[in-house]
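Take a look at the structure below.
The values are calculated or read from the model by the stated rules, or taken from the named source; none is laboratory data. Please read all numbers here as calculations on a predicted model, not as lab measurements. For neighbour counting, all protein chains shown are included, and Cβ atoms are generated from backbone atoms with ideal geometry for every residue, glycine included.
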């Protein structure tokens, strides 16, 4: 191997170790980013989960042996650049499609962040960095097929039109160099979230068997007869105040705050790098979780996340990687727009995603 190649390979792996991540990969946060202005990483990945890949049974199975949360497919692309020796900025875009069995989610996700190194490691004192980021998700619509009865309305489906969430997050990261090939990192974070949408529509079947289209106005739910009904008594239109049914402004449009902490171990040699990280997140939502509990349901306010990846410097500045992400409460905290009073019962399921791709290091 030439001297030039010997220099290129470790440099490429060092750059790739910084990673490109938003909230989905916070378990891999590190204070050590590339320091030469103009250095950059482009990451392209295909993300997936299905029955063939789930050989570790990451997804909890129902009694019939099928997963309660179905297949995931998508991909992402990200770019990170060292602006100064202390400042690293990055952005990423995800395309995701998830089959939840009772509803499908076709989402776009985005992230931007800047990270500033406050100090270098000195003895037992770690390298310290502060990171400020914003990220979010949006979709054209989310439709949930359900048999939930609230007051006198038995909802058979509910559609949220143009849902979106937006988050801001502040992280404090410390990284200890254990040896020339090993680093340990820890982080603590806090953030705020907002979930919004344009409108909600639903369908229902009342106790007399008639089907209705449900709309929501300023005061409550409004039902309009969807098709002719042969019941003895047919109501063509009804209104139920929010106090007696789903209050969409509290149960699907809300603010929340979150806190999280975690750690990561990073080992590398000339060609290989192995990382593993853990993240715990706690979420406090306005109104919606209290309403779920008042109805006898269970609100899910936390998530444990494990992330691990292996990367290999395949050729000069090209690094290939394989990554896995495991969650005890599926995408709780990662996709807030999908959590509301009608979907919260799905968040007791564990889930995992496998990603494979490459990084181009410049």
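Within region 180-206, residues that are in contact (Cβ under 8 Å) with a residue 12 or more places away in the chain have Cβ atoms under 6 Å from residues that are crowded, with 17+ Cβ neighbours inside 10 Å and in a loop (DSSP other than H, G, I, E, B) in these pairs: 185/30; 187/29; 196/253; 197/163, counting only partners at least 6 apart in sequence or on another chain.
Quick one: count up the residues across region 168-202 that are within 30 Å of residue 341 (Cα to Cα) and crowded, with 18+ Cβ neighbours inside 10 Å. Give the derivation first.
So the first thing to find is which residues in region 168-202 are within 30 Å of residue 341 (Cα to Cα), and the list is 168-171, 188-202.
Then keep just the ones that are crowded, with 18+ Cβ neighbours inside 10 Å; that gives 169, 171, 189, 191, 193, 195, 197, 200, 202.
Adding up the residues that qualify gives 9.
May I ask you to say which residue of 144, 154 is within 30 Å of residue 231 (Cβ to Cβ), more than 24 Å from the chain's Cα centre (by Cα) and either surrounded by 14 or more Cβ atoms within 10 Å (Cβ to Cβ) or without any contact (Cβ under 8 Å) to a residue 24 or more places away in the chain (or both)? Lay out the reasoning, then the answer.
Working: 144 fails: more than 24 Å from the chain's Cα centre (by Cα).
After applying the criteria, what remains is 154.
Applying the condition of being under 21 Å from residue 306 (Cβ atoms), within 19 Å of the chain's Cα centre (by Cα) and part of a strand (DSSP E or B) to region 32-66 and asking which residue is modelled with the lowest pLDDT yields 49.
Check 124, 129 and return the single one that is crowded, with 17+ Cβ neighbours inside 10 Å and over 24 Å from residue 220 (Cα atoms).
129
Inside region 227-276, residues that are surrounded by 19 or more Cβ atoms within 10 Å (Cβ to Cβ), more than 22 Å from the chain's Cα centre (by Cα) and assigned to a strand (DSSP E or B) make up a count of 3.
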